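Okay, structure first, notes after.
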Amino acid sequence: MPLTNKLKEYRSKLGVNQQDMGKLVGVSRQTISQIERGDYSPSVTLALKIAKICGATVEDIFQYED
Amino acid sequence: MKEKKTIFTFIVILAGSLLLGFLTGVWSGRINGMLEALDTTRIINALSIGFAILFVLFHLIVCGISFALYRNVRKAYDQRTENDEEIYEQVEYKMDLPLLLGNLAIILSLVLFGVIVYLYKKCTLEVMLSKALLIISLIVFIFGYVWVIVLQNKLVNLCKEISPEKKGNILDTKFQKEWMESCDEAQRTMIYQSAYKAFNAANAACLVCWVFSFLGMLLFDTGILAVIMVGAVYLTLIMSYTVAAMKQEKPYTEGGKL
């Protein structure tokens, strides 16, 4: 997948586990895990929610490489 | 160039299928005659006993394996530590196998029970023996449903422990709807991708089933019902997919959909 992310890094800074991160952005722990592994690309809405919770921009957390 | 090769391959497959169909039609009359000359009574009597024993063993073995797998998964989840995030992925992955076995058991149970009832009607065993085999098979058939439902209930409850946002009770007729509504975007994407693979597999399976049911009608006088049922299933599959896709593709106008 061309989309990489630093979600795990930002999550560690926040000091929350995957379950709590999921609750904060309104998705399951499984989805957070899949995003961190690069197995799932979040929707625009979810990416914006994640960025807001992490106090960063979408581009800070998610990178697209050709 | 690639397109020409594709068309050529398609024509070869079409011509081969036509030839095979023609030869099957020509030979079906001869094969039918040969089968009528066979004494199938002893074979049917042996199969009546064999299938009943197979049915019992099948459920005992699959039930044992499925519950053992569930117990391993349950144990792994109960022994997790607070910071162990990988255990959740492992448990969710390992839960799929007993779930699959349970579903396979139900489907094979339906088939095997059908075969046993058919053989009961055709066999010439002693009345008491044939009735005993049928009653044992009926008890095993019911037992099959019971253990699969119990197992699925345990797996769903475990899944709800791991993911508390999940909703639904498998004994409820609205379970599928409630479960889907409680899934988030990634879980739904997973379901949709799996469903599309299932659709493609079912598409191919319907064609294969039609061939076998048609051959059965020609060679073994199985009647036209199987051919019609395959057609009904195939029609349901294609129509439900096409109608759902059309709803997704409805064009928008100002103020909402058409």
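Read the figures in this text as sums done on the coordinates, not as results from a lab. As the structure is a computational prediction, the values presented were derived from the model and not from experiment. Note that we place each Cβ from the backbone using ideal geometry, even for glycine, and neighbour counts take in every protein chain shown.
Two decimals, Cα atoms only, Kirkwood Rh: what is Rg/Rh over the protein assembly as shown?
On the way: Rg = 26.9 Å, Rh = 25.1 Å.
Rg/Rh: 1.07.
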How much length is gained if the chain between A:R37 and A:Q63 is pulled fully straight, taking 0.36 nm per residue apart and subtracting their Cα-Cα distance, in nm to one decimal? 8.0 nm
B:K4-A:L3 FRET efficiency (beta carbon distance; Förster radius 56 Å; 0.05 resolution): 0.90
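Write out the GluC sites (Glu not before Pro) in region B:123-200 meeting two conditions: DSSP loop, and at most 13 other Cβ atoms within 10 Å of their Cβ. Before the final figure, lay out the partial values.
Numbers: sites: B:E126, B:E161, B:E165, B:E178, B:E181, B:E185; in loops: B:E126, B:E165.
Counting only loop positions with at most 13 other Cβ atoms within 10 Å, the GluC sites (Glu not before Pro) in region B:123-200 are B:E126.
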Net charge dipole size for the protein assembly as shown [Lys, Arg +1 and Asp, Glu -1 on Cβ; Debye, nearest 20]: 560
Give me Rg over Rh for region B:120-244, both radii from the alpha carbons and Rh done the Kirkwood way, two decimal places. 1.10
Going down the list B:K94/B:K166; B:K4/B:K250; A:K23/B:K177; A:K49/B:K167; A:K8/B:K75; B:K174/B:K247, which pairs span over 26 Å between their C-alpha atoms? B:K4/B:K250; A:K8/B:K75
Taking the dipole of the protein assembly as shown about the Cα centre (Lys, Arg +1; Asp, Glu -1; charges at Cβ), the one of B:Y88, B:W147, A:I35 that reaches farthest to the positive side is B:W147
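Looking at region B:174-258 from every direction and averaging, what is the projected area of its Cα convex hull in nm²? Each step should come with its number before you reach the end.
Details: hull surface 33.2 nm².
The orientation-averaged projected area of the Cα hull of region B:174-258 comes to 8.3 nm².
How shielded is A:16-22 by partner chains, expressed as the average number of their Cβ atoms within 10 Å of its Cβ atoms?
On the way: counts 0, 4, 3, 5, 0, 0, 3.
For this peptide, the per-residue mean of nearby foreign Cβ atoms is 2.
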Give me the distance in nm between label points sitting 7 Å out from Cα along the Cα-to-Cβ direction at B:K160 and B:N83, one decimal. 3.3
Could I have the simple spin-label model distance between A:K23 and B:I135, label points 7 Å from Cα toward Cβ, reported in nm to one decimal? 5.6
For the pair B:I65 and B:Q176, how long in nm is the line joining their label points, each one 7 Å along Cα→Cβ? 2.7
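Compute the FRET efficiency between B:Y241 and B:K75 as 1/(1 + (r/R0)^6), taking r as their Cβ-Cβ distance and R0 = 56 Å, and round to the nearest 0.05. Walk me through the numbers before you get to the answer.
Values: r = 41 Å, r/R0 = 0.73.
Computed FRET efficiency for B:Y241 and B:K75 comes out at 0.85.
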q = 0.11, 0.17, 0.20, 0.23 Å⁻¹: log10 I(q)/I(0) that the Debye formula gives for region B:38-151, counting C-alpha atoms only: -0.48, -0.80, -0.97, -1.15
Figure the gain on full extension for B:Y252 and B:V233 (residue separation times 0.36 nm, minus the Cα-Cα span) and round it to one decimal in nm. 3.6 nm
R0 = 45 Å: FRET efficiency of B:W210 with B:T41, Cβ-based, nearest 0.05? 0.90
On the principal axes of its Cα set, how long, how wide and how thick is region B:92-131? Give whole Å, largest value first. 50, 15, 8
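Full-extension gain between B:L104 and B:M34, please, as 0.36 nm times their residue separation minus the C-alpha to C-alpha distance. Spell out each step's value before the answer.
Details: separation 70, 0.36 × 70 = 25.20 nm, distance 3.56 nm.
Extra length from B:L104 to B:M34 when fully extended: 21.6 nm.
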Once the principal axes of the Cα atoms of chain B are found, what is the range along each, listed largest first in whole angstroms? 71, 61, 37
Only Cα pairs under 8 Å and at least 6 apart count here; give the relative contact order of region B:35-179 as a rounded whole percent. 31
Percent of alpha-carbon pairs separated by more than 16 Å within chain A: 36
